[in-house]
1. Give me the net charge of ASP86's neighbourhood, meaning all other residues with Cβ under 14 Å from the Cβ of ASP86; Lys, Arg count +1, Asp, Glu -1.
2. How big is the charge dipole of the range 206-262 about its Cα centre, in debye rounded to the nearest 20, if each Lys and Arg gets +1 on its Cβ and each Asp and Glu gets -1 on its Cβ?
3. Provide the packing ranking of 237-245, 143-151, i.e. peptides ordered by the mean count of other C-beta atoms within 10 Å per residue, highest first.
4. For the residue pair LYS254 and SER130, what label-to-label distance in nm results when each label sits 7 Å from Cα along the Cα-to-beta-carbon direction?
5. Which order, highest average first, do 55-67, 155-167 follow once you tally other Cβ atoms within 10 Å for each residue and take the mean per peptide?
Amino acid sequence: MTFVVPRAKAGLVGAVAIAAALAGCETYGGGGASATRQFAVVESDATGATSVNIASLTEVIQRNPNDAGAYVTRGAAYARSGQFNDAIGDFTKAVQIDPNSASAYYNRALAYRQTGRNDGALADFSKAISADSNYGPAYIGRANVLRAQGDLDGAMSDLNQAIRLTPESAEAYHARGLVRQRQGQNTQAIGDFDAAIDRNPFVAAPYAARGQSLIATNQFDKAIEDYNAALNVNNKDASSWAYRGLAYEKTNRKKEAMESYQRAAQLEPGNPVAKQGLGRVSGGVGSLFN
């Protein structure tokens, strides 16, 4: 998920270097395990550049107090630095100036999600779509909220529309795969994760999500390959270590399973997949196929 800035106007060139990237997505446990969620986190800025940009953008706003785009741009900078309430304030000012700013509603929705205000996020994604019915990212954002709230049919409808509007969007296919996974349609989910990976092979989440559906369809060796790929990108993801352990366990490779479960437990001591798996491979009474 990424905060977006409007196309730079002449007065903003040089100041708009800070689209606030968010890494991660929501994933859900498969194979009968308890659900695990990973929400997007803000990419940290260790360079200090964001603070410089905020100061520069504040000067732009002082010179152009009625420029909605300037507020959206500074709001994105605030979001990048984790100052979500300040970001929400700027996006709110932007929609007061320009009630038809789809990007302002969309960005405020993302900031609302980061602060746990899903109802506000849902309303703002809908306002972004009302302002611009061809704004694909807003459909994806709304679908993610609907999925989290259990409205899988609504999420699927939004994602089908997002894919029609933005057929090269890896995020749209990944999100639709997660919905299909929740619906138990793992073969179709695998197809969507394939499409997401084809469009962006450098993100861990689609590999990890596809791995869960591969486990659910008894394709354990392929699942292991996907978790290896996911861990090559992010080796601190406890969920990927845990599910790789499960795939190893289901192919009777207990040593490898134990090592993966232990790594997951080190990273996330309460991980249910790792906890249950360690109980089984260590001689506990839990059943692999519960």
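1. +3
2. So the dipole magnitude of the range 206-262 works out to roughly 80 debye.
3. Per-residue mean Cβ counts within 10 Å order the peptides as 237-245, 143-151.
4. 6.1
5. Per-residue Cβ counts within 10 Å, averaged per peptide and sorted highest first, yield 155-167, 55-67.
Each reported figure results from applying straightforward, stated rules to the coordinates on display, with no laboratory input. Please read all numbers here as calculations on a predicted model, not as lab measurements. As a convention, Cβ positions derive from the backbone with ideal geometry for all residues, glycine included, and neighbour counts pool all protein chains shown.
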